[in-house]
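**Student:** Quick one: this structure, given as structure tokens, is what I'll be asking you about.
The values are calculated or read from the model by the stated rules, or taken from the named source; none is laboratory data. The structure presented is a predicted model; accordingly, all values stated were derived computationally and were not measured. Cβ placement follows ideal geometry from the backbone for every residue including glycine, while neighbour counts extend to all protein chains displayed. The accessibility values were calculated without ligands, DNA or RNA, using every heavy atom of the protein model including side chains. Shrake-Rupley method; radii C 1.70, N 1.55, O 1.52, S 1.80 Å.
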There are 2 protein chains.
Amino acid sequence: MEKSPKNPFPAPGSKYELETGSVLSPRFSADGLITAVTVAAADNAVLMVAHMNAEALQLTLDTGIAHYWSRSRGEIWKKGETSGNRQAVREISIDCDQDAVVLKVETAGNGANCHTGRRSCFYRIIEKTGTGGASLAFDKNDQPRFDPDESDVQED
Amino acid sequence: MEKSPKNPFPAPGSKYELETGSVLSPRFSADGLITAVTVAAADNAVLMVAHMNAEALQLTLDTGIAHYWSRSRGEIWKKGETSGNRQAVREISIDCDQDAVVLKVETAGNGANCHTGRRSCFYRIIEKTGTGGASLAFDKNDQPRFDPDESDVQED
């Protein structure tokens, strides 16, 4: 696989190299993306799931501020650019087959990471109902920190 | 969108309904998948990132044991079926646009969740090198709990 001009990472090697080596060689999908799971450095709470292309990953490594790829807008997404809720990256780890990363972040501003104004995008818990179905219960501890209708906060 | 026989969930509604409602209506991708992030119930550590189709999500809800969709094998993947390291699901949350879930689990057996034998798939940290590049440093606290060459543990 040839590297694109914006992919500075070496092409993935063998399964053995991918899993046991010390070379960062992300396995970008056919769409050029890896999965990024963003957690709070303070308590490991999962804040959001997004995607990165090679440029977003390199920008994140270079600046220490989380950058993603917005699939809806088709552009680099510097999280917090409009809201001020930038994510300072304290650590990035990568998984066995190098197609997913975990970012441990500290979020600036009011600490919201979800475009709905909440700290986390995972603000609803799936609960089983008596009839074999399921419904969603809101996490009462994660109230919106701003009114999304009054803001121009970007989403994925 | 019509429901397939194996998708018991109602079709996603409007953006407003998806984000503010209490109806579980996962937005499966064109491949029929959502992203599943599995974390340890004990300390929120991210253990793995995998995928679920509607059947895997329903099986997980019905049984309380994590089921995924294996993209490599093209089949339902009851995690721990061969290793004994089943994941008992304590809580599932879903994100704002309902295309990703977080599973909080307790892992049976020796507690390995990665096919390499480690507790977590995220056993390497990305470190910047002096030359502007990056390399991977192993997490010394996550040593393999079995020899993957001696096991038949399945991977994604």
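**Student:** Scan segment A:85-112 for residues that are under 16 Å from B:VAL39 (Cβ atoms) and either more than 7 Å from every other protein chain (Cβ to nearest Cβ) or of a type outside the set (D, E, K, R) (or both) and jot them down. Spell out how you get there, then give the answer.
**Tutor:** Let us first name the residues in segment A:85-112 that are under 16 Å from B:VAL39 (Cβ atoms), namely A:91, A:93, A:95, A:100-105.
The answer is A:SER93, A:ALA100, A:VAL101, A:VAL102, A:LEU103, A:LYS104, A:VAL105.
**Student:** Same structure again: Give the residues of segment B:116-127 that are at the interface with chain A (Cβ under 7 Å from one of its Cβ atoms) and in contact with a helix residue (DSSP H, G or I) (Cβ under 6 Å, 6 or more places away or on another chain), sorted by residue number.
**Tutor:** Taking segment B:116-127 and keeping what is at the interface with chain A (Cβ under 7 Å from one of its Cβ atoms), we get B:116, B:121-122, B:124-126.
Selection gives B:THR116 alone.
**Student:** Sticking with this structure for a sec: For segment B:98-156, name all the residues that are open to solvent by 20 Å² or more (accessible area, probe 1.4 Å), more than 25 Å from B:TRP77 (Cα to Cα) and touching a residue at least 12 places away in the same chain (Cβ under 8 Å).
**Tutor:** Scanning segment B:98-156 gives B:ILE125, B:ALA137, B:PHE138, B:ASP139.
**Student:** Still on this structure, I have one more. Mind checking which residues of segment A:55-78 are out of contact with any Ser or Thr (no Cβ under 6 Å at 6 or more places or on another chain), under 22 Å from A:SER25 (Cβ atoms) and assigned to a strand (DSSP E or B)?
**Tutor:** As a first pass, look at segment A:55-78 and keep what is out of contact with any Ser or Thr (no Cβ under 6 Å at 6 or more places or on another chain): A:55-65, A:68-76, A:78.
Filter once more, so that each one left must be under 22 Å from A:SER25 (Cβ atoms): A:55-64, A:68-69, A:76.
Listed by number, the residues that qualify are A:TYR68, A:TRP69, A:ILE76.
**Student:** Okay, next question. Which is in a strand (DSSP E or B) and of a type outside the set (S, T, N, Q), of B:ALA30, B:ALA50? Full working, then the answer.
**Tutor:** Values: B:ALA30 fails: in a strand (DSSP E or B).
Sole residue among the options that is in a strand (DSSP E or B) and of a type outside the set (S, T, N, Q): B:ALA50.
**Student:** Any residue that is among the hydroxyl-bearing types (Ser, Thr, Tyr), at the interface with chain B (Cβ under 10 Å from one of its Cβ atoms), assigned to a strand (DSSP E or B) and in contact with a Lys or Arg (Cβ under 7 Å, 6 or more places away or on another chain) - is there at least one of those in segment A:133-140?
**Tutor:** Here is the first cut: in segment A:133-140, the residues among the hydroxyl-bearing types (Ser, Thr, Tyr) are A:135.
Narrowing further to those that are at the interface with chain B (Cβ under 10 Å from one of its Cβ atoms): A:135.
Still in the running and assigned to a strand (DSSP E or B): A:135.
Those still in the list that are in contact with a Lys or Arg (Cβ under 7 Å, 6 or more places away or on another chain) too: none.
No - not one qualifying residue is present in segment A:133-140.
**Student:** For B:THR60, indicate whether it is at the interface with another protein chain (Cβ under 10 Å from one of its Cβ atoms), farther than 22 Å from A:LYS140 by Cα and β-branched (Val, Ile, Thr).
**Tutor:** Working: at the interface with another protein chain (Cβ under 10 Å from one of its Cβ atoms): yes; farther than 22 Å from A:LYS140 by Cα: yes; β-branched (Val, Ile, Thr): yes.
Yes.
**Student:** State yes or no: is A:PRO8 open to solvent by 60 Å² or more (accessible area, probe 1.4 Å), within 13 Å of chain B (Cβ to nearest Cβ) and not basic (Lys, Arg)?
**Tutor:** Working: open to solvent by 60 Å² or more (accessible area, probe 1.4 Å): yes; within 13 Å of chain B (Cβ to nearest Cβ): yes; not basic (Lys, Arg): yes.
So A:PRO8 fits the description; yes.
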